[in-house]
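The values are calculated or read from the model by the stated rules, or taken from the named source; none is laboratory data. The structure displayed is predicted, hence computed values, not measured ones. Cβ coordinates were reconstructed from backbone atoms using ideal geometry, including for glycine residues, and neighbour counts include every protein chain displayed. These accessible areas exclude ligands, DNA and RNA; they are computed on the full protein's heavy atoms, side chains included. Shrake-Rupley method; radii C 1.70, N 1.55, O 1.52, S 1.80 Å.
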Amino acid sequence: MAQKVLVTGGGGYIGSHCVVELIEAGFCPVAIDNFSNAVRGKGDIPESLLRIEKILDTKIEFHELDMLDRPGLEKLFKLHSFVAVMHFAGLKAVGESVEQPLRYYRVNLTATMNLLEVMQTHGVHNLVFSSSATVYGEPQHLPITEEHPVGGCTNPYGKTKYFIEEMIMDHCKAEKDWNAMLLRYFNPIGAHSSGVIGEDPKGIPNNLLPYVAQVAVGRRKHLNVFGNDYNTIDGTGVRDYIHVVDLAKGHIAALKKLKENCGCKVYNLGTGTGYSVLQMVKAMEKASGKKILYQIAPRREGDVASCYADPSLAEKELAWKAEFDLERMCMDLWRWQAKNPTGFTTAT
């Protein structure tokens with residue numbers, strides 16, 4: 001029988017792509033979500049999971065559950081015997097976190113504390129945590145290795161990731177039978193090659209590429225480029241963009257590493273290459289064949305000039321490396337957006 005893995009935030013962008021890879025790798029994912037980022041489909045199941053069921057010809061167990069609901073979590077863990085948990089659930093917008101810091105601390109930290117305590121109670125001691133490169137704060141050197149100082153975060157979202165990492169590390173020190181993978185993402189983009197699932201942010205996108213794609217498809221008039229006076233190749237911010245499928249495969253590699261009883265480990269998941277905002281605009285223009293209008297806006301509080309990874313440790317210890325280049329990322333993103341101009345509300 002396939003081993004069960006709990007996927008928190010399983011209806012969201014990264015969570016749903018990881019559900020695909022879990023199924024492909026022979027695991028049985030059980031997904032939970034509270035629809036704060038996911039789109040509700042028929043039968044109160046995330047539309048992303050309904051579409052995965054079609055393309056993989058399978059059924060996915062889903063429970064609508066807010067992780068602030070401790071009794072609900074307890075009930076779920078009594079129903080299942082999980083070998084591990086992949087934890088994606090949480091609020092995730094940098095700008096919004098600056099405006100609503102208390103909400104971010106309450107939701108992200110409380111949800112994770114509930115999860116860790118319930119896992120401990122039910123003897124589930126293997127965790128893959130969706131962390132972020134924002135824990136590094138303003139880069140002191142590039143590319144960023146896992147030894148780079150952490151904690152000097154420039155926004156509350158990054159601080160919640162940092163605090164959660166600290167909680168998990170401390171718990172693993174206290175409980176020697178625990179194993180945890182802290183995966184520090186850089187910037188996930190792209191979509192499943194089928195074009196059936198992808199990123200569909202609610203409201204105005206907070207991240208660059210979904211916004212660019214919506215401009216290309218005609219949903220938005222132009223892109224705001226926040227700052228063109230950074231010390232970068234063209235003055236715009238530079239980031240490490242990674243294909244979401246590569247990212248999901250990194251989680252499978254991390255899940256397999258847990259079987260070695262490895263304790264708590266930290267890995268960067270990125271490509272090691274940085275691209276500026278304007279370079280990404282040009283790449284999406286090429287992929288879509290559309291002119292993408294943009295205008296320069298003031299810098300956003302909490303943003304840094306450049307941030308890109310040294311992913312060599314993950315390659316060495318997880319036998320994982322990002323495979324897809326920038327052209328493929330943009331092509332897959334455009335396929336998703338062109339097929340689904342209004343996101344998951346587009347009829348299939």
Practice task
Kindly list the number of the only condition in (1) open to solvent by 30 Å² or more (accessible area, probe 1.4 Å); (2) within 13 Å of Ala305 (Cα to Cα); (3) touching a Gly at 6+ places or on another chain (Cβ under 8 Å) that fails for Asn206.
Solution key: (2)
Exercise for the section: Take Val215 and decide whether it is open to solvent by less than 60 Å² (accessible area, probe 1.4 Å) and more than 19 Å from the chain's Cα centre (by Cα). Expected result: yes
Problem - Top-ranked residue of region 222-240 - restricted to ones that are outside any loop (DSSP other than H, G, I, E, B) and open to solvent by 10 Å² or more (accessible area, probe 1.4 Å), ranked as farthest from Asn126 (Cα to Cα) - result: Asn224
Practice task
Answer with yes or no whether Val107 is crowded, with 19+ Cβ neighbours inside 10 Å and part of a loop (DSSP other than H, G, I, E, B).
Solution key: no
Practice task
Go through region 241-262 and give me each residue that's open to solvent by less than 20 Å² (accessible area, probe 1.4 Å) and either assigned to a loop (DSSP other than H, G, I, E, B) or among the acidic types (Asp, Glu) (or both).
Solution key: Asp246
Practice task
Inspect all residues belonging to region 299-307 and state whether any of them is of a type in the set (Asp, Glu), under 14 Å from Asp240 (Cβ atoms) and in contact (Cβ under 8 Å) with a residue 60 or more places away in the chain.
Solution key: no
Exercise for the section: Return the residue satisfying two criteria in turn: it lies in region 291-348 and is assigned to a loop (DSSP other than H, G, I, E, B) and among the hydroxyl-bearing types (Ser, Thr, Tyr), and of such residues it is surrounded by the fewest Cβ atoms within 10 Å (Cβ to Cβ). Expected result: Thr348
Fill in the blank from the handout: When every residue in region 67-96 that is part of a strand (DSSP E or B) and over 22 Å from Tyr13 (Cβ atoms) is compared, the one most open to solvent (accessible area, probe 1.4 Å) is Val83
Exercise for the section: Consider Leu49 carefully, then state whether it is more than 24 Å from Ala180 (Cα to Cα) and either open to solvent by 10 Å² or more (accessible area, probe 1.4 Å) or free of Cβ contacts under 8 Å to residues at least 60 places away in the same chain (or both). Expected result: yes
Completion exercise
Taking region 1-32 and keeping residues in contact with a Phe, Trp or Tyr (Cβ under 9 Å, 6 or more places away or on another chain), open to solvent by 10 Å² or more (accessible area, probe 1.4 Å) and of a type in the set (A, V, I, L, M, F, W, C) leaves Ala2, Ile14
Fill in the blank from the handout: Among strands (runs of 3 or more DSSP E) completely within region 116-207, the ones holding 3 or more residues that are of a type in the set (Asp, Glu) are none
Exercise for the section: Answer with yes or no whether Thr271 is in a loop (DSSP other than H, G, I, E, B), surrounded by 23 or more Cβ atoms within 10 Å (Cβ to Cβ), modelled with pLDDT of 95 or more and in contact with a Gly (Cβ under 8 Å, 6 or more places away or on another chain). Expected result: no
Exercise for the section: Enumerate the pairs (first residue in region 313-335 and within 24 Å of His148 (Cα to Cα) and of a type in the set (Asp, Glu); second residue anywhere and at pLDDT 95 or above and not in a helix (DSSP H, G or I)) with beta-carbon separation below 6 Å, excluding pairs fewer than 6 apart on the same chain, so at least 6 apart or on different chains. Expected result: Glu315/Lys321
Exercise for the section: Return yes when Asp200 is surrounded by 21 or more Cβ atoms within 10 Å (Cβ to Cβ), among the acidic types (Asp, Glu), closer than 22 Å to Tyr157 by Cβ and modelled with pLDDT of 95 or more and no when it is not. Expected result: yes
Completion exercise
Only one of Lys54, Lys59 is part of a helix (DSSP H, G or I), out of contact with any Ser or Thr (no Cβ under 7 Å at 6 or more places or on another chain), open to solvent by 10 Å² or more (accessible area, probe 1.4 Å) and on the phi < 0 side of the Ramachandran plot, namely Lys54
